[in-house]
Amino acid sequence: MNWNIIDQPAARQWIEALCLTLMHSLWQGLVAAILAGIILLSTRKSKPAFRYNLLALVMVVFVAGAIGTFVFVLRDASAAMASMLTQPMPWAQQKVFFGEAGILTIATAGATANNGWQEQIVAFFAANAQQIVTVWFLVFVLKSLQAVSGLAYLTRVTRTVSTPGMQWIVRFYELAERMRVTQETELRESAQVAVPMVVGFVKPMVLVPLGMLANLPAAQVEAILLHELAHIRRRDYLINLVQVFCENVFFFNPAVWWVSKLIREEREHCCDDLAISVMQNKTSFIHALISFQEYNQSRPAFEMAFSRKRNHLLERIKRIINNNNKPLDAMEKLFVTFSLAAAIALSAATAPEKQPVSTKIPALTAKQPAVAAPMPKTREAVQMREHEILAEQPDTLPKKKQRSSEMEIHSASVHSAREGISTYNITRNNKQYEIVQRNGKMISLWVDDREIPESDYAKYQPEIDKIMAEIKVQHELAEKQREEAQEMRKIAEGQRREAEKQREHAGQMRLDAEKQREYASQMRLNANTNREEADKIRAEAAKQREAADDMRKQADQMRQMAEKQREAAEDMREKAEEQRKVAEKEREAYIKIQDGIIDELTQAGLVKDKESLSYRLSNDELIVNGAKQPAALQQKLKAKYLKDLGDRKFELMYNYSNQDGHTKTGIIRSGNE
C-alpha cells in the first residue's frame, strides 16, 4: 500500500508544475524589470499616481503570467501522461524518460538539436522538482512566519496605546473629513513606535510617537497626519499585505523585489501629493519630512509609515521641490541593462533555425505493427514497463562525454552560417572577440565591443589563427563524436532487432507461466515500493528534524530580539513619562507666570480683552498688542518674571506673531524665532 501522498502521480504533476513555474518566473521577472525600467524612463514628468498604476499593472501581469504558466504546465503534463497511457507510438520513433519525480516525458527522435540545452534545464528541474519545491516551501514558510510575527507585534502595540488630547482628536477628524476618508479611524499615541504609521485595514489606527503632538509645530503635525490619512484613503495597508505575500512567494526573484520597491516609493509619493493638495502648503510638509530624519529606524513590513529610509526621504524632498520624478540610479540602470541583455540572449538562443519535427503521437493503424501493448495506468505497472523499456532499448550514447564537449566550447559560440557568412563570438584571455568571415576570409573584427579597422587585422591575426584552430579542433571532435554516435545507433538498432526476435520467441514461453510471473512481479514491485517509500519517509523525517531545529533556533533568536525590543520600549516609555512630567511642570510654571504678567498688565490699564491680548517680554523690550511699552514697566516685569529663568536669554510670549507669521506662546529662547 502507498502511504506517501507525494508519490501519487497527480501530486507529482502538481509539484513538477510548481517547480517549472518558479523556474519560468525568473525570465518573466526579467521582462517585468525591463517594462518597469521603460516606465520610469518614459514618465519622468508624470504624476506619481500614473507611475504607481503602471508599476502595479506590471506586477499584476507578472503574477498572472506565473499563474498561467502553472496552469499551462500542469495541463500539458496531464495531457502527456494520458496520451502515453492510452495511445503509445512505435518505440523506434520515441525515447521515454522517467524522472525522479515519476513524471513521464516524451521526445521524438527527430527533434532538433539547437534546443538541447533548454530541454536539459527543464529535465533537471523536472527530475529534482521535489527537492527544489521542498526548499522553496521551507523558505516560504519561514518568511511567512516572519510576516505573521510582524502582524502579531503590531497587534500587541495597538493594545498599549494612549489617547491624545481632545483638541487633537477633534483636529484629526477634521483632517480626515478634508481628506475624504469615510472609514472609521482612530488617532493614538504609543511609546513603542518611533515614527507615525497606519495599522489595520477594517478599522485603521494612526499611531504617533508619544510626545510628538506636543513637541512639533501644529502645521507639521497636520502634514504628517494628512500623509497617514492618505494611506487610509488609498487602502494601502491591504495592498501592502498582498505585496508582501508576492515577495514571499518569489523571494528568489530580484526583479520582483525591485519592482515592489518601486511601487512602495511611488505609493509614498502619491500620499505626499495628496497631503500637499489638502494643505496647499509645500513648505510645512517639507519641514515635517525633515523633522523626522531622526526617526528612520527599521520596523515591521506591514506598517504604512511616514518615512522609512534616509535616502528615500531626501528623494521625496527633491521630488516635491523640483516637481520631477527620481531617475534610475546607477545600480538600477545596470539591472535593467542586464535584464534586457539576458532577455535578448535568451530570445536569440531559443529562436529555432529550422522547423522542428512534430512531436504529435501517431495512432496505431493496420499498417503499423503493434510493437508494444498499451501501457497500464497503475504506478506499479508503469515502473515495470520502465524496466522493460530500458532492457529493450539500451542507451548507448556517450551523454556525459558529449556534455563535457559542450562545456569545453562554451566560450566559442558559433552562429549558423548563411550565404557563406559565418559569425563567431569567442571569449579568450578575458577578451571578447566577434569574427565575421565570408568564404573563409575575415570581413569584420570586433574586440571588447570595439570595431577593429581592416588595416589593423594583421596585429590580431596570430591570435585569430589560434582561435580558429581551436574552433576547428572542436568541430572535428564534434564531428567524430557524431560519427561514433551514428555507429552506436546502428549497433543499437541491430541489438534491438535481435532483441525483438528474442521477445517473440520468449512470448510463447511467457504464455504458460503468465499467472505465476504476474503474481511474483506484483509481490516484488510491492516490496520495492515499500522499501523506497520507507527510505523516502526516513529521509523526509531527517530533513524535517533539521528544519525544526533551525526553526527552533530562529525562534529563540527572535524571542531574544523581542525581549530586547521590549526592554528598549520600556526604557523609552519611562523616559517619555519623565519628559511628560517635566513638560507638565514647565507648563504649570508658565501658566503661573502668564497669569502674573496679565494681572500686571491689567493693573497698568493695558489689558481690556484677554482674548485679543498678545505680548512679548524680553531682556530688551516689552511689546503689548504690537506697541512697545515704557522701559520702567519692562524692567519691573523683567526683574519679577525673567530672573527665575537663569542666566540664559529667554523671552515670554503670549499669542505673539513673529516675522514669519507663526504665532507663539510660551517660554522661548532668544534668537529662535
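Taking R0 as 22 Å, what's the FRET efficiency between VAL135 and ALA541 from their Cβ-Cβ distance, rounded to 0.05? Please list the in-between numbers first.
Details: r = 17 Å, r/R0 = 0.75.
E(calc), rounded to 0.05, equals 0.85.
With a ≥ b ≥ c taken as the square roots of the eigenvalues of the C-alpha gyration tensor of the stretch 571-647, please select rounded if a/c is under 1.5 and otherwise prolate if a/b is larger than b/c or oblate if it is not?
Working: a/c = 2.97, a/b = 2.02, b/c = 1.47.
Here the stretch 571-647 falls in the prolate category.
Carbon and sulfur together cover what percent of the accessible area of the stretch 217-275 at a 1.4 Å probe radius?
For the stretch 217-275, the apolar C and S fraction of the accessible surface comes to 72 percent.
Pull out a ≥ b ≥ c, the square roots of the eigenvalues of the alpha-carbon gyration tensor of the stretch 534-597, then state rounded if a/c is under 1.5, prolate if not and a/b is larger than b/c, and oblate in the remaining case.
It comes out prolate by the Cα gyration axes.
With a 1.4 Å probe and all protein chains left in place, how much of the accessible area of the stretch 22-69 comes from carbon and sulfur atoms, in whole percent?
Percent of accessible area from carbon and sulfur atoms in the stretch 22-69: 79.
For PHE72 and VAL473, calculate 0.36 nm times their separation in residues minus their Cα-Cα distance, and state this gained length in nm to one decimal. Please report the intermediate quantities before stating the final value.
Working: separation 401, 0.36 × 401 = 144.36 nm, distance 4.27 nm.
Gain on stretching PHE72 to VAL473: 140.1 nm.
Among the GluC sites (Glu not before Pro) within the stretch 111-193, which fall in a DSSP loop and have no more than 15 other Cβ atoms within 10 Å of their own Cβ?
The qualifying sites are GLU184.
How high is the relative contact order of the stretch 179-276, given as a whole-number percent (alpha carbon pairs under 8 Å, six or more residues apart)?
Numbers: 104 pairs, mean separation 25.5, N = 98.
That works out to 26 percent.
Under a Cβ-only charge scheme (Lys and Arg +1, Asp and Glu -1), can you give me the dipole magnitude of the stretch 568-648 about the Cα centre, in debye to the nearest 20?
That gives a dipole near 360 debye.
Given a 1.4 Å probe and the protein chains all in place, what does the accessible area of ARG587 round to, in Å² to the nearest 10?
Its heavy atoms expose roughly 120 Å² to the probe.
Over the stretch 534-673, average the accessible area per residue using a 1.4 Å probe and give it in Å², no decimals.
On the way: 9910 Å² over 140 residues.
Ligands and nucleic acids excluded, the figure is 71 Å² per residue.
Mind checking the dipole of the stretch 155-208: about its Cα centre, +1 per Lys or Arg Cβ, -1 per Asp or Glu Cβ, Debye to the nearest 20?
So the magnitude is around 120 debye.
Over the stretch 165-271, average the accessible area per residue using a 1.4 Å probe and give it in Å², no decimals.
Numbers: 3960 Å² over 107 residues.
Accessible area per residue, the stretch 165-271: 37 Å².
For the ranges 196-206, 518-528, what's the packing order if you count other beta-carbon atoms within 10 Å of each residue, average per peptide, and put the highest first? List each step's numbers first, then the result.
On the way: 196-206: 19.8, 518-528: 12.2.
Ranked by mean Cβ neighbours within 10 Å, highest first: 196-206, 518-528.
Shape verdict for the stretch 410-545, please, from the Cα gyration tensor: rounded (a/c under 1.5), prolate (a/b greater than b/c) or oblate. Write down the numbers at each step before the final one.
On the way: a/c = 5.69, a/b = 2.15, b/c = 2.64.
Taking the square roots of the gyration eigenvalues as a ≥ b ≥ c, the stretch 410-545 is oblate.
Pop out the carbon and sulfur fraction of the accessible area of the stretch 541-588 as a percent, whole number, probe 1.4 Å. Please list the in-between numbers first.
Working: 2150 of 4230 Å².
Looking at the stretch 541-588 in its full context, I get 51 percent from C and S.
The values are calculated or read from the model by the stated rules, or taken from the named source; none is laboratory data. Quantities reported herein were computed from a predicted structural model and do not represent experimental measurements. Because the Cβ atoms are built from the backbone with ideal geometry, glycine has one as well, and the counts that use them run over all protein chains shown. Quick note on the areas: whole protein, heavy atoms, side chains included, nothing else; ligands and nucleic acids left out. Shrake-Rupley method; radii C 1.70, N 1.55, O 1.52, S 1.80 Å.
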